[in-house]
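The values are calculated or read from the model by the stated rules, or taken from the named source; none is laboratory data. From a predicted model like this one, the values you see are computed outputs, not experimental measurements. All Cβ positions, even for glycine, are placed from backbone atoms using ideal geometry, and neighbour counts span all protein chains on display. Surface areas here come from the heavy atoms of the whole protein model, side chains and all, with no ligands, DNA or RNA. Shrake-Rupley method; radii C 1.70, N 1.55, O 1.52, S 1.80 Å.
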Amino acid sequence: MATPERRSDLAANYDSIIKQVNETASGKQVKLVAVSKYKPVEDLKALYDHGVRDFGENYVQELLTKAETLPKDIRWHFIGGLQSGKCKDLSNNIPNLYAVHSIDSFKKVKKMNSTRKAAEGNPVNVFLQINTSGESQKSGYSLGDQKELHESIDYILNNKECDKLNLLGLMTIGSFAESVAGVENKDFKALTDLKKELDAKYNIDLDLSMGMSNDFIEAIRQGSSVVRVGSSIFGARPVKP
Ligand SMILES: *Cc1c(COP(=O)(O)O)cnc(C)c1O
């Protein structure tokens, strides 16, 4: 178990973030996902005991280990770079996988559905990740050529084969350069504009997963419904060797 000091620090950090989230959202429902990558299960358990249920993880193996150890009513959000070969591990071994935020190809849409079907699991919520900044090191569907994005949405919504995915929304990681407090973020604007187009075309109401520690307030102002906050709750992460 984490020390009493650590437990109360985590609870206080979480409370401070959720307060800012709710104040900025002013009445609108915005979900806070606590991003716990690299952090020990003791930290997660402390927040669980404080009432937190939504946790985000970036690495499949780390998520599997934590999901096995921690209570089964946690809602796990997979937010990290996803290789199609790992869809099977997510589908098979995490019954309480709530959402995958990082689906970025038609191939992975099909893989996530077929592996979840084979595992006879509950349907999984998915967010399609969009590369709004166009940076080559960022993952996500292209904004420029949206053919594969439309192919993916059409498959999830209309293909009978696809009965294990629930399209929840769109996700993006804003570029660092765009994360300036109080200034409109072009990447978030691009995602909001895309949502409007897709909502109208498909007659749906997509959620937006956007905003992290340094830009969640601006993200909510621009229409985010899910923010993914890590270091402001758990403290800085060790640098990966
Ligand atoms: C790590 C990570 C976060 C959380 O980042 P912080 O800056 O620590 O809040 C959010 N989203 C994704 C996709 C991440 O990889």
All-but-one check, Thr132 against (1) part of a helix (DSSP H, G or I); (2) touching a Gly at 6+ places or on another chain (Cβ under 9 Å), failing number (1)
Residue hits (segment 32-55; in contact with a helix residue (DSSP H, G or I) (Cβ under 9 Å, 6 or more places away or on another chain) and within 13 Å of the ligand (Cβ to nearest atom)) are Leu32, Ala34, Val35, Ser36, Lys37, Tyr38, Lys39, Phe55
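Of these, Glu197, Glu184, which one is more than 13 Å from the ligand (Cβ to nearest atom), open to solvent by 50 Å² or more (accessible area, probe 1.4 Å) and in a loop (DSSP other than H, G, I, E, B)? Let's see the steps before the verdict.
Working: Glu197 fails: in a loop (DSSP other than H, G, I, E, B).
Exactly one of Glu197, Glu184 is more than 13 Å from the ligand (Cβ to nearest atom), open to solvent by 50 Å² or more (accessible area, probe 1.4 Å) and in a loop (DSSP other than H, G, I, E, B), namely Glu184.
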Residue count, segment 210-241, condition of a type outside the set (Ser, Thr, Tyr), assigned to a loop (DSSP other than H, G, I, E, B) and near the ligand (Cβ under 8 Å from one of its atoms), comes to 4
In segment 98-114, residues that are within 13 Å of the ligand (Cβ to nearest atom) and open to solvent by 10 Å² or more (accessible area, probe 1.4 Å) total 1
Of the candidates Val109, Val183, the one satisfying the condition of being of a type in the set (Val, Ile, Thr) and modelled with pLDDT under 95 is Val183
Reported set for segment 74-95 where residues are away from the ligand (no atom under 16 Å from the Cβ), over 16 Å from Lys31 (Cβ atoms) and not small (Gly, Ala, Ser) is Cys87, Lys88, Asp89, Asn92, Asn93, Ile94, Pro95
The number of residues in segment 129-154 that are within 23 Å of Ala118 (Cβ to Cβ) and open to solvent by 20 Å² or more (accessible area, probe 1.4 Å) is 2
Return yes when Gly174 is open to solvent by 30 Å² or more (accessible area, probe 1.4 Å) and either at pLDDT below 95 or assigned to a loop (DSSP other than H, G, I, E, B) (or both) and no when it is not. no
Result of the Cβ filter at 8 Å on segment 1-24, keeping first residues that are within 14 Å of Asp49 (Cα to Cα) and open to solvent by less than 40 Å² (accessible area, probe 1.4 Å) and partners that are aliphatic (A, V, I, L, M) and modelled with pLDDT under 95, at least 6 apart or interchain, is Leu10/Ala2
Within segment 60-72, residues over 24 Å from Lys117 (Cβ atoms) and either exposed (fewer than 15 other Cβ atoms within 10 Å of the Cβ) or within 16 Å of the ligand (Cβ to nearest atom) (or both) come out as Glu62, Thr65, Lys66, Thr69, Pro71
